[in-house]
There are 2 protein chains.
Amino acid sequence: MLQKQTALCLGLDPRLENIPAHLLNAHRTNRSDRCDTDRRAAACVVYDFCAAVVEAVAPHVAAVKLQMACFEQYGAPGMRAFKFTCDRAAELDLMVIADGKRGDIGISAEAYSAAYLGSPTCIDASLEPSHVDALTVNPLFGTDGVTPFLKDCQRHGKGIFVLVKTSNPSSAELQDLIIAGNDSFHEQVASLVAEWGAGEGLVGEKGYSSVGAVVGATHPETMARLRKLLPRAIFLVPGVGAQGAKPAETAAAFDSRGLGALITVSRSIIYAGDGRDYAMQAAAAAKRIKSELRVVSQK
Amino acid sequence: MLQKQTALCLGLDPRLENIPAHLLNAHRTNRSDRCDTDRRAAACVVYDFCAAVVEAVAPHVAAVKLQMACFEQYGAPGMRAFKFTCDRAAELDLMVIADGKRGDIGISAEAYSAAYLGSPTCIDASLEPSHVDALTVNPLFGTDGVTPFLKDCQRHGKGIFVLVKTSNPSSAELQDLIIAGNDSFHEQVASLVAEWGAGEGLVGEKGYSSVGAVVGATHPETMARLRKLLPRAIFLVPGVGAQGAKPAETAAAFDSRGLGALITVSRSIIYAGDGRDYAMQAAAAAKRIKSELRVVSQK
């Protein structure tokens, strides 16, 4: 993030409905063994699309966020496309965020953490951690559900982004409920995030914690309050572009150093073009948004 | 559930650490092409274990709940083991519950719903829905995050179980917060579950909704209150056995007809034996718990 001099994070939410037609046509006429079933062919198209976009956009972004659902829906081939896309992004020195919003009780949270941040137990050994650098985590289970993730953050130098205030309209229904004592529910979550993120071995040299927060750009006032409550947390900020927020509305996500935020933009970049030059169009869109963000973070 | 005359649900949370040693040894000495890497071998052991347990236990349970994390940690081979286990359970006429606790904003929730309940879009067609009958869902995103799942419940006759009050000790931190107006957070979630579950096409002939609730057996008083708030919801009840609750503590989950609950038991059944007769031991444990539950539900 610091090296790349940008806060822009490429969001990969690939949907066949939006992927350029020529990529789908190529797989229709030219199926290989690797893509011999409907599910595999879909996963191949998703991977080819994502890899091309990542390669073109890499110079303009610090990180890539992969929406797990878009890969997972194709089962085993989808998970392979997910892994290969992570590997490609890591080769290009991008930070890799798995946007899975996982959360469960202790033993199951351990397995989710092993899947993305740690090392799953195999028959005679443990696997090496994957190329995923951070996972988005749902806080509803409380401390014992988050602890396994924190342990893998410490052990393997990984990170998590905890959902504090999401970008969607209905997020108000539960996340904005007022708790007896005048805090809102999402502020209570923020208190837990501050506590979790202050744990041993979780705060780095520059003062940022491995425990970040997801805060939607669609709520600029909430963002400003949360920035004060969570000075050490890196904010992962969705909502810019197709979801309606403008880059300028992310200003409050940055700290006084103009750092501490990753602004995720997905559809406005990955679907910037729908012809054969889609990857170049994506790169051009990313470059433009990067410039806009530079101005915003320096305010 | 009605046909099977039992409320027992087999929980499959397979962990290599707990799987009988001879199954691991068999894969050490006898690797096939299907299991030629560490990840694949682990997934093969997980599938072989789960399939044997499901086959032996099938006469004593109404449903199977697969903990996604335990499969997902092995990537693509793990997802294949998940699918094959679901298929085997469906062949044995068991209800199949994917315990993924998924939740996201609209577009991503659509993809999660397609993955488990609906039909993922492929290049020239949509896939048939999988053998999963129901998915556990995290409510934090509110109505727009749950709507895609509700649509697939209507279209494909599937169900969801929404997390209302989970079984783990830290669940109190956020789920029990008192909201201005004296309700607790989990009661607010219950109100939404009631609203979501009353939608068109979601209430069946017997009066039960496709939208159920996850309520931990470790909180019997909360369970009784939630039963009153959610008369139409089927409760999916974890927490019996290794987590500390006794079958008798699930009494409040049943409605006045002695129905409306699925009691999930995992570790006390699947690890009942650790020798070559582990599947028979699992069946014996399930049979015993089934009898205990029959007494409880008829009170």
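The values are calculated or read from the model by the stated rules, or taken from the named source; none is laboratory data. Source: prediction; values computed, not measured. Glycine gets a Cβ as well: all are built from the backbone with ideal geometry, and neighbour counts include every protein chain shown. Surface accessibility is based on the protein's heavy atoms, side chains included, excluding ligands, DNA and RNA. Shrake-Rupley method; radii C 1.70, N 1.55, O 1.52, S 1.80 Å.
Points worth noting:
- Exactly one residue among B:133, B:124, B:104 is in contact (Cβ under 8 Å) with a residue 24 or more places away in the chain, open to solvent by 40 Å² or more (accessible area, probe 1.4 Å) and of a type in the set (D, E, K, R), and that residue is B:133.
- Test result for residue A:191, over 24 Å from residue A:58 (Cα atoms) and at pLDDT 95 or above: yes
- Scan of segment A:148-174 for residues that are open to solvent by less than 30 Å² (accessible area, probe 1.4 Å), touching a residue at least 12 places away in the same chain (Cβ under 8 Å) and over 19 Å from the mean Cα position of the chain (by Cα), ordered by number: A:148
- The listed residues are A:227, A:257, and the only one of them that is surrounded by fewer than 19 Cβ atoms within 10 Å (Cβ to Cβ) and out of contact with any Leu (no Cβ under 6 Å at 6 or more places or on another chain) turns out to be A:257.
- Those residues of segment B:282-295 which are closer than 18 Å to residue B:266 by Cβ and either open to solvent by 80 Å² or more (accessible area, probe 1.4 Å) or in contact (Cβ under 8 Å) with a residue 40 or more places away in the chain (or both), in sequence order: B:282, B:283, B:286, B:287, B:288, B:289, B:290, B:292, B:293
- The residues in segment B:107-119 that are more than 7 Å from chain A (Cβ to nearest Cβ) and open to solvent by 10 Å² or more (accessible area, probe 1.4 Å) can be counted, and the count is 2.
- Of all residues assigned to segment A:4-21, at least one qualifies as being in a helix (DSSP H, G or I), open to solvent by 30 Å² or more (accessible area, probe 1.4 Å) and in contact with a strand residue (DSSP E or B) (Cβ under 8 Å, 6 or more places away or on another chain).
- Residue in segment B:38-48 that is within 16 Å of the chain's Cα centre (by Cα) and either acidic (Asp, Glu) or open to solvent by less than 10 Å² (accessible area, probe 1.4 Å) (or both) present: no
- Hits in segment A:141-152 (condition: outside any loop (DSSP other than H, G, I, E, B) and out of contact with any strand residue (DSSP E or B) (no Cβ under 8 Å at 6 or more places or on another chain)): A:143, A:144, A:145, A:147, A:148, A:151, A:152
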